[in-house]
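Enquirer: Have a look at this one before I ask anything.
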Amino acid sequence: MRWSFKIAQIAGIEIRIHVTFFLLLALVGPYGAQAGSGGTLNALVLWLLVFLCVLLHEFGHAFAAKAYGIKTADITLLPIGGVARMERMPEKPLQELVVAIAGPLVNLVIAIVLFAVLFAGGQLGDRMLSEPLETRHLLSSLLVTNVAMLFFNLIPAFPLDGGRVLRAVLATQMNYAQATQIAASIGQGLALVLGMIGLLNHEYLVLILIAVFIYMGAESESLFVQIRYATMGLPVSSAMVTRFDTLNHRATLDQAINALLGTSQHEFPVLDDNGGFAGLLTKHDLLVALRKSEPDMPVTEVMLTGLPTLLPQMSLESAFTTLRKANVSALPVVDHLGMLVGLFTTENVGELIMIQSVLGKKSHRYRS
């Protein structure tokens, strides 16, 4: 995920933090200061503990997925929670149901443990819910937060866990694409409601941020599933770009800019002296590098390396899964000799689906 950076690696899974996480921390300090001396520190400690719970929540998903042979590439912490990026989603509705419910079950276990500790210490009572979050006992605040996370995540709206549970249930009665579309539509509807509440009441501005993440997450997952089903049975060769510009590995950023301005390409394969694929330079990475470096810097310093390659006969479904796992916008397509023959991009796949949709409607119109 862009704008995130790695902070650790646990059980082979990268732990990343999105930059917006620190925006939330900047807001928590002044809010906690209202509680008096030590309030800011207590608030910051609470939010760090909350995100530890979020991390455990995401590991619940990851370990449940691992039971079905699905690896998790990384977990990214966001202001509204976390995202576990898996190499693929479970293929059977029951498997997705188990993976989706595993996260909220972690919060349930944490809440039960905290309840037992507070009950044993005689710290449960009516005041626990009536006091402001930042002035409560730390454990009681964590208990309330985990219960809130549990119920929020179980809302049947995609991409929340409840939305995934809903999709799994719907997928037992209809195809996966239809189930995803329904769950995603509910998620986007929820996002619009949250956004309106945030706009109308400035005390809940954070809901606008939550709404944006929910809406984009629902749209992204819906698009991915539509692409997956629309391209089922088609080979990579039917969607790959065969006319594109390349860069020599000795090219500079300045030369890359000239190539960028002379074409509509957003990704440029970088070739070695033998014409083999050496790396991929994206428009985003090129522009970022130009802000920080001199124009005569070699493109090899900023290009993406170690990317997986695709074969023309590979299925589009497998190729798109590989593309998503690599977390890039394009991948090279090579022949049996390893020579570059095409470029597989999300943009071109989208155009293929659009054309298929138009042709399908025309065919249907002629039959009627």
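Quick note: the coordinates plus some simple rules give every number you see, no bench work behind them. All values derive from a computational prediction rather than experimental measurement. Positions of Cβ are backbone-derived with ideal geometry, glycine not excepted, and every protein chain shown enters the neighbour counts.
Enquirer: Could you tell me the extents of segment 156-230's C-alpha atoms along the three principal axes, largest first, rounded to whole Å?
Expert: Taking max minus min along each principal axis of the Cα atoms, segment 156-230 gives 41, 21, 14 Å.
Enquirer: Given a Förster radius of 30 Å and the C-beta distance between Val206 and Lys6 as r, what FRET efficiency does 1/(1 + (r/R0)^6) yield to the nearest 0.05?
Expert: It comes to 0.70.
Enquirer: Please state the shape class of segment 183-331: rounded when a/c is under 1.5, otherwise prolate if a/b exceeds b/c and oblate if not, all from the C-alpha gyration tensor.
Expert: It comes out oblate by the Cα gyration axes.
Enquirer: Ok, one more. Tell me whether segment 53-118 comes out rounded, prolate or oblate; compute the Cα gyration tensor, take square roots of the eigenvalues as a ≥ b ≥ c, and use a/c under 1.5 as the rounded threshold.
Expert: oblate
Enquirer: Taking a ≥ b ≥ c as the square roots of the eigenvalues of the Cα gyration tensor of the chain, is the shape rounded (a/c under 1.5), prolate (a/b larger than b/c) or oblate?
Expert: In terms of gyration-tensor shape, prolate.
Enquirer: Continuing with the same structure: Work out which trypsin sites (Lys or Arg not before Pro) in the chain are exposed loop sites (DSSP not H, G, I, E or B, at most 11 other Cβ within 10 Å) and give the longest gap free of them.
Expert: Between the exposed loop sites, the longest stretch runs 3-242.
Enquirer: Lysine pairs in the chain with alpha-carbon atoms under 25 Å apart, 8 or more places apart or on different chains: how many are there?
Expert: Lysine pair count for the chain: 12.
Enquirer: Something else: Can you list residues whose amide H is under 5 Å from Leu304's amide H, if they're 5+ apart or on another chain and H is modeled 1.01 Å from N?
Expert: When sequence neighbours closer than 5 places are left aside, the close amide H contacts are Leu280, Leu281, Thr282.
Enquirer: Give me the dipole magnitude in Debye, nearest 20, for segment 236-355 about the Cα centre, with unit charges on the beta carbon: positive for Lys and Arg, negative for Asp and Glu.
Expert: For segment 236-355, the charge dipole is close to 260 debye.
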